[in-house]
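K.L.:
This is the structure I have questions about; it appears just below.
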Amino acid sequence: MNVRINESWRKHLESEFAKPYFAELAAFVRSEYASGPCYPPGSKIFNAFDSTPFDHVKVVILGQDPYHEPGQAMGLSFSVPNGVAIPPSLKNIYEEIHNELGTPIPLSGDLTRWAQQGVLLLNATLTVRHGIAGSHQRRGWETFTDAAIRALATEREHLVFMLWGSYAGQKASFINPEMHLVLRSAHPSPLSAFRGFFGNHHFQLCNDYLAAHGKSKIEW
């Protein structure tokens, strides 16, 4: 696995690359990609880090797994390339933004514009086998992405962490709420969005917090 990652992140995560778990993870990922289709493309595995340098992060949105069907995963949580049908969870995210802020619902599911504004769109697991959700979980990715979240939580101040669903919510245990804004709710999936995602006002709360700490708002 070619670890091509933005230099601003490399200095914070370099120690992870030297640990035994990461060598095992890299060997597993190389084997999986060699044996059949996996997502995202190899060049996009670290896209979240490449798109949003460490010092530019203002918001963290945590997903769990990349999309596992062809042409969808692009290394940014919840995002799909322009021209690809917008997945149900992202449709619900767009609907909540529209309801909160009154902005038009986008026609594209490509969230690169968010990443470029400082929104780290991070999946807990960075790769997946074709057609099998969760197939690369518990192989080491979670240890690596937890290290990234911990680095942000301890070395930066006044970030917004959007933790949707029970899995993402577990990460709140190592984020100091006195240093950051931690927003938790149900997941935007159609299975759970009506149990607390709709109406959570996270996007408005996020922008209010950023403005209160002298940071530019996100153009959602």
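K.L.:
In segment 204-219, what count of residues is obtained for those that are hydrophobic (A, V, I, L, M, F, W, C), farther than 23 Å from THR145 by Cβ and either in a loop (DSSP other than H, G, I, E, B) or in contact with an Asp or Glu (Cβ under 8 Å, 6 or more places away or on another chain) (or both)?
P.N.:
0
K.L.:
Sticking with this one: Determine which single condition MET179 fails, assuming it passes every other condition in (1) more than 14 Å from ASP65 (Cα to Cα); (2) surrounded by 16 or more Cβ atoms within 10 Å (Cβ to Cβ); (3) of a type in the set (A, V, I, L, M).
P.N.:
Of (1) more than 14 Å from ASP65 (Cα to Cα); (2) surrounded by 16 or more Cβ atoms within 10 Å (Cβ to Cβ); (3) of a type in the set (A, V, I, L, M), only one is false for MET179: (2).
K.L.:
Please tell me if ALA48 is small (Gly, Ala, Ser), under 19 Å from ALA115 (Cα atoms), touching a strand residue (DSSP E or B) at 6+ places or on another chain (Cβ under 7 Å) and part of a helix (DSSP H, G or I).
P.N.:
Yes.
K.L.:
Still on this structure, please answer the following. Could you list, in sequence order, the residues of segment 125-141 that are closer than 28 Å to PHE198 by Cβ and surrounded by fewer than 17 Cβ atoms within 10 Å (Cβ to Cβ)?
P.N.:
ALA133, GLY134, GLN137 - these are the residues of segment 125-141 that are closer than 28 Å to PHE198 by Cβ and surrounded by fewer than 17 Cβ atoms within 10 Å (Cβ to Cβ).
K.L.:
Which of (1) of a type outside the set (D, E, K, R); (2) modelled with pLDDT of 95 or more; (3) closer than 17 Å to GLY63 by Cα; (4) open to solvent by 30 Å² or more (accessible area, probe 1.4 Å) does HIS201 not meet, given it meets every other one?
P.N.:
(3)
K.L.:
For segment 144-164, give me each residue that is farther than 19 Å from LEU13 by Cβ and open to solvent by 20 Å² or more (accessible area, probe 1.4 Å).
P.N.:
GLU157, HIS158
K.L.:
Within segment 153-164, work out how many residues are within 17 Å of ASN123 (Cα to Cα) and more than 13 Å from the chain's Cα centre (by Cα).
P.N.:
Matching residues across segment 153-164 total 1.
K.L.:
Given (1) surrounded by 15 or more Cβ atoms within 10 Å (Cβ to Cβ); (2) farther than 15 Å from ALA147 by Cα, where does PRO37 come up short, assuming only one miss?
P.N.:
All conditions are met except number (1).
K.L.:
Would you confirm, using the coordinates I've provided, whether ALA115 is open to solvent by less than 10 Å² (accessible area, probe 1.4 Å), more than 21 Å from HIS202 (Cα to Cα) and modelled with pLDDT of 95 or more?
P.N.:
no
The values are calculated or read from the model by the stated rules, or taken from the named source; none is laboratory data. None of the values given here were measured: they were computed from a predicted structure. Cβ coordinates were reconstructed from backbone atoms using ideal geometry, including for glycine residues, and neighbour counts include every protein chain displayed. Only protein heavy atoms, including side chains, enter the accessible area calculation; ligands, DNA and RNA are left aside. Shrake-Rupley method; radii C 1.70, N 1.55, O 1.52, S 1.80 Å.
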